[in-house]
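Structure first, commentary second.
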Amino acid sequence: MMSTFSIKVTDTNIAIITIDVVGEKMNTLRAEFADEISQVLTELEGNKSLKGVVITSGKADNFIAGADISMLDACQSKGDVMAISIMGQQMFDRISDFSIPVVAAIHGPCLGGGLELALACHARVCSNNGKTVLGLPEVQLGLLPGSGGTQRLPKLVGIAKALDMMLTGKQLRAKQALKAGLVDDMVPESILLDTAVELASQGMPKTKNVKLDAAGKALEGNPLGRKVLFAQATQTVLKQTKGHYPAPLKIIDCVKTGISQGNEKGLAKEAAHFADLVMSSESAALRRLFFATTEMKKECGTTQATPNEVKQAVVLGGGLMGGGIANVTAIKGQIPVRIKDISDQGINQALKYSYDLLNKKFKRRFITKAALQSDMMNITGTTSYDGMKNADIVVEAVFEDLALKHQMVSDIEQHCSEDTIFASNTSSLPIGKIASVAKRPENVIGLHYFSPVDKMPLVEVIAHEKTSAQTIATTVAFAKKQGKTPIVVKDGAGFYVNRILALYMNEAAAQVIEGNSIEAVDRALTQFGLPVGPIALLDEVGIDVGAKISPILFNELGERFEAPSAFDALLADGRKGKKNQKGFYLYGKDVKGKKLVDKSVYKVLGVTNKVNVADEEIAQRCMVQMLNEAVRCLEEGIISSARDGDIGAIFGIGFPPFLAGPFSYIDSMGAEKLVNLLNQYSAKHGNRFEPCQLLQTMAKENHRFY
């Protein structure tokens, strides 16, 4: 069996430990490495001629990407988890207790357990490569650093900076890490190992003071200031998480304990809290999401073809969506993209979209001026079809007009090659209808992005009956290159995400018309765990957009999608939402702080009576509609698996990650309970709540999705 850890001693008596997990692209720490690490440390401790130790990676582009999360799922009890945490703490304590200097030479991701190992070293040197990032992202899995990270990081970078990193999972680039004092030096990768060896040969480094400004010293330098700091952190966490995520509060408690009661008590608290979190439902949900997305990265949407490489892309339309699609293609995907618009103004608008985003990064010193210019050179524009013959994929982002989209299909088939993929970014029109005029319908596919494109992680890849496996595979690979998480869905009105969202939004609107306040409806759903309330979301998306999609869904899918007639009244009153500063909420320069409802909207909606319904019932009515429709989409084959449905809802509409998605949530509550709730609401409010057949069958037979 090949070793993960190898030792080489230089002529100057510096031991270089190289970590290289056999057969894996990334280094991760595993519990089964414990004996091997212990043997390595014992060997080093016994070599009295050594002057220093350097820990480096045998991988070309990563140090240690973290701990292997799967070992946590194997734990049967809290005691099992605590044993892993204490083992990690003790192992890293052995490193920090070395009488000779131990230096970490970091290139590429140094995350989670990898950074905890580096923190245990006496010094850290990192490469100035763009791939080098350092962080403790455990909170994103509902966990905390369990091998001493909560105790060592604050002592190195200060309490406030450490909390900011651990509570958000923020990753620092090399320059940021150097500025924060997280690393001692930053050098080109070519001299990284030599620099670390030289540093290790200089003897034990002197203890450095934490880099704090005047305000930081005032807060962290005395008990009263620290009390204020921890109170502010707790308040911020509760405001952001609404109490749904226990990990951030436990992180604060670990740091607070270590600072006030000492390292030993802090480590004990860390191990206990780590064990509690691993066994929590929230972390189990977030870990399931992590494994699901990791699994999806290996797939291409079909087993019948392998993707072709996309070397050149075209975007039709320079509007907000077109500009966003061009941006992620050229910047994240590093694929040259040509924007076609009917006017120079549209092209300039799309170019400005990318320039503004890049310039913001440049001003914050995330990228250089040269990198900004290089990325912008990846984007060109034209008002004709020049330079498109070799396009591998064309993404259409024009208005939701079937005749216009038909014209786009014909134009592309005329001006591009026989293999060019035509991908329509439609949010409502069936792809089969768009492809009906195509000479090569096998090349036509849907590629539904969510706004804003540069931030929203999901994209729906929609295959109609004649879409080829090759087109599916290539489009999925293209979306991944753009940094997206793609789910392949079957063609149909609303596809998956907009379909489950529509019933949820309709139910929220119905409750406002019944007399519930807009504030109450939005509050109920944000308290449930959604990032934004449904009425506020309607303002963001555009009331006119909702009004346009609703009839399509109603005509294709039936009466349960009939939207409240209030849409017509709102549009007649000129209310489109945020886009024209007139909707359910007040907008403009005079509105400061908390968003306020435009009270005049109630008169437009014809709402005269007021009701006072509990937040729980408001949220429940909206959510059971979404859950029921999600199952119906699975039943009809719109989505191919519960996993895809969960990921689509979380990444597409912000379904609470701590519930792991609609299908996981149904499993946790039980199909029978959901069916009973739907039947109760159906008796009270009508057939739109009738549970779908698959859900009824599952309730009767006590089945689960997972």
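All of the numbers you see were taken from the coordinates with simple rules; none came from a lab. Because the structure is a prediction, the values reported are computed rather than measured. Don't worry about glycine lacking a Cβ; one is built from the backbone with ideal geometry, like all the others, and counts go over all protein chains shown.
Taking the alpha-carbon set of segment 56-141, what are its Rg and Dmax in Å?
When restricted to the Cα atoms of segment 56-141, Rg and Dmax are 14.0, 42 Å.
Compute the distribution of all C-alpha to C-alpha distances in segment 227-336, in bins of 10 Å from 0, and list the percent of pairs in each, rounded to whole numbers.
Per 10 Å bin, starting at 0, the Cα pair percentages come out as 11, 22, 22, 19, 19, 8, 0.
Of all trypsin sites (Lys or Arg not before Pro) in segment 282-344, which ones are in loop regions per DSSP and have a Cβ with at most 12 other Cβ atoms within 10 Å?
Numbers: sites: Arg287, Arg288, Lys297, Lys298, Lys311, Lys332, Arg338, Lys340; in loops: Lys297, Lys298, Lys311.
When the trypsin sites (Lys or Arg not before Pro) of segment 282-344 are filtered for loop state and at most 12 Cβ neighbours within 10 Å, Lys297, Lys298, Lys311 remain.
Name the shape class, rounded, prolate or oblate, that the alpha-carbon gyration tensor gives for segment 236-288, where a ≥ b ≥ c are the square roots of its eigenvalues, rounded holds for a/c under 1.5, and otherwise prolate holds if a/b is larger than b/c and oblate otherwise. Mind showing how you got there, number by number?
Numbers: a/c = 4.01, a/b = 1.47, b/c = 2.74.
Cα axes put segment 236-288 in the oblate bin.
Would you mind counting up the charge near Ala391? Only other residues with Cβ under 11 Å from its Cβ, with Lys and Arg at +1 and Asp and Glu at -1. Don't jump to the answer; show the numbers that get you there.
Details: positive: Lys311, Arg338, Lys340, Lys389; negative: Asp392, Asp419.
After counting each charged neighbour, the total is +2.
Per residue of segment 555-561, what does 6.51 cos²θ - 1.76 cosθ + 1.60 with θ = phi - 60° give for ³J(HN,Hα)? Whole Hz please, x for Gly and Pro, Karplus curve as stated.
5, 8, 10, x, 5, 5, 9
Could you pull out every one of the lysines with an alpha carbon less than 22 Å from that of Lys242, ignoring same-chain neighbours closer than 8 positions?
Filter leaves Lys170, Lys227, Lys250, Lys256, Lys594, Lys595.
Need the full-extension length gain, Asp185 to Ala547, defined as separation in residues times 0.36 nm minus the C-alpha distance. One decimal, nm. Each step should come with its number before you reach the end.
Values: separation 362, 0.36 × 362 = 130.32 nm, distance 5.71 nm.
Gain in length upon complete extension: 124.6 nm.
Summing +1 for each Lys or Arg and -1 for each Asp or Glu, what net charge is found among the other residues whose Cβ lies under 11 Å from the Cβ of Val597?
Values: positive: Lys594, Lys595, Lys599; negative: Glu519, Asp522, Asp539, Asp598.
My count for the surroundings of Val597 gives -1.
Give the shape of segment 15-91 as rounded, prolate or oblate, defined through the alpha-carbon gyration tensor: a ≥ b ≥ c are the square roots of its eigenvalues, a/c under 1.5 means rounded, and otherwise the shape is prolate if a/b is larger than b/c and oblate if not.
Verdict is oblate for segment 15-91.
Would you kindly calculate the mean projected area, averaged across all directions, of the convex hull enclosing the Cα atoms of segment 587-640, in square nanometres?
Details: hull surface 28.6 nm².
It is 7.2 nm².
More than 17 Å apart: what percent of Cα pairs in segment 138-182 qualify? It would help to have the intermediate numbers written out before the result.
On the way: 272 of 990 pairs.
That tail contains 27 percent of the Cα-Cα pairs.
Among 616-622, 325-331, 71-77, what's the highest-first ranking by average C-beta atoms within 10 angstrom per residue? Kindly include the intermediate steps, with their values, before the conclusion.
Values: 616-622: 19.3, 325-331: 27.1, 71-77: 13.3.
Highest to lowest by the protection proxy: 325-331, 616-622, 71-77.
Would you mind checking segment 257-280 for residues with the amide N under 14 Å from a putative spin-label position 7 Å along Cα→C-beta of Lys78?
269-280
With a ≥ b ≥ c taken as the square roots of the eigenvalues of the C-alpha gyration tensor of segment 273-324, please select rounded if a/c is under 1.5 and otherwise prolate if a/b is larger than b/c or oblate if it is not?
Details: a/c = 4.68, a/b = 1.91, b/c = 2.45.
Cα axes put segment 273-324 in the oblate bin.
If amide H atoms are built 1.01 Å from N in the plane of the peptide, which residues on other chains or at least 5 residues away come under 5 Å of the amide H of Leu458?
Thr485
For segment 514-575 and segment 630-706, write down the distance between their C-alpha centroids in whole Å.
21
For Asn612, what charge total do you get from the other residues with a beta carbon under 14 Å from its beta carbon, if Lys and Arg give +1 and Asp and Glu give -1?
Values: positive: Arg523, Lys610; negative: Glu514, Glu519, Asp615, Glu616, Glu617.
Around Asn612, the surrounding residues sum to -3.
Kindly list the residues of segment 452-483 that lie in the label zone of Ser640, defined by a backbone N under 17 Å from the point 7 Å along the Cα-to-C-beta vector.
Residues passing the 17 Å test: 459-480.
Once segment 593-706 is represented by equal point scatterers at the alpha-carbon sites, with solvent omitted, what log10 I(q)/I(0) does the Debye formula produce at q = 0.09, 0.18 Å⁻¹?
Log10 of I(q)/I(0), two decimals: -0.31, -0.94.
Taking amide H positions as placed 1.01 Å from N in the peptide plane, with prolines and chain starts having none, which residues 5 or more places from Tyr585, or on another chain, fall under 5 Å of its amide H?
Asp598
Please list, by residue number, every one of the trypsin sites (Lys or Arg not before Pro) in segment 453-515 that is coil in DSSP and has at most 10 other beta-carbon atoms within 10 Å.
Values: sites: Lys455, Lys466, Lys480, Lys481, Lys484, Lys490, Arg499; in loops: Lys455, Lys466, Lys484.
Those that pass, being in a loop and sparsely packed, are Lys455.
Can you give me the long-range amide H partners of Leu136? Hydrogens built in the peptide plane at 1.01 Å from N, cutoff under 5 Å, separation of 5 or more residues or another chain.
Here the answer is Gly112, since their amide H atoms fall under 5 Å of that of Leu136.
If you bin every alpha carbon distance in segment 497-583 into 10 Å steps from zero, what whole percent lands in each bin?
With a bin width of 10 Å, the distribution comes to 17, 52, 29, 1.
For segment 313-491, what is the per residue volume of the convex hull drawn over the alpha-carbon atoms, in cubic angstrom? Mind showing how you got there, number by number?
Details: hull volume 17.5 nm³, N = 179.
It comes to 98 Å³ per residue, whole-number rounded.
Within segment 20-88, which GluC sites (Glu not before Pro) sit in a loop by DSSP and count at most 16 neighbouring Cβ atoms inside 10 Å? Intermediate results must be reported in sequence, preceding the final value.
Details: sites: Glu24, Glu32, Glu36, Glu43, Glu45; in loops: Glu24.
Of the GluC sites (Glu not before Pro), the ones in loops of segment 20-88 whose Cβ has at most 16 other Cβ atoms within 10 Å are Glu24.
Apply the Karplus curve 6.51 cos²θ - 1.76 cosθ + 1.60, θ = phi - 60°, to the phi angles in segment 199-207 and return the couplings in whole Hz, x for Gly and Pro.
So the Karplus estimates, Gly and Pro as x, are 5, 5, 7, 8, x, 4, x, 6, 5 Hz.
Expressed in nm to one decimal, what extension gain is obtained for the pair Asp164 and Lys51 from 0.36 nm per residue of sequence separation less their Cα-Cα distance?
37.1 nm
Step through the residues of segment 683-700 one at a time and calculate ³J(HN,Hα) from phi using the Karplus curve (6.51 cos²θ - 1.76 cosθ + 1.60, θ = phi - 60°), rounding each to whole Hz and writing x for Gly and Pro.
Karplus values, whole Hz, x for Gly and Pro: 5, 8, 10, x, 5, 4, 8, 4, x, 5, 4, 4, 5, 5, 5, 5, 5, 5.
In square nanometres, what is the average projected area of the Cα convex hull of segment 348-429? It would help to have the intermediate numbers written out before the result.
Values: hull surface 27.2 nm².
With the hull built on Cα positions only, its mean projection is 6.8 nm².
What is the distance in Å between the Cα centroid of segment 368-419 and that of segment 192-221?
Distance between centres, Cα-based: 51 Å.
Which whole-number percent gives the relative contact order of the chain, counting Cα pairs below 8 Å spaced six or more residues apart? Before the final figure, lay out each step's value.
Details: 1290 pairs, mean separation 60.0, N = 706.
Contact order relative to length: 8 percent.
Write down the Kirkwood hydrodynamic radius of segment 412-481, to one decimal in angstroms, obtained as one divided by the mean of 1/r over all alpha carbon pairs. Before the final figure, lay out each step's value.
Details: mean 1/r = 0.0804 Å⁻¹.
One decimal place: 12.4 Å for the Kirkwood radius.
To two decimal places, what compactness ratio does segment 5-279 give when its Cα radius of gyration is scaled by 2.2 N^0.38 Å?
Details: Rg = 18.1 Å, N = 275, 2.2 N^0.38 = 18.6 Å.
Output field value: 0.97.
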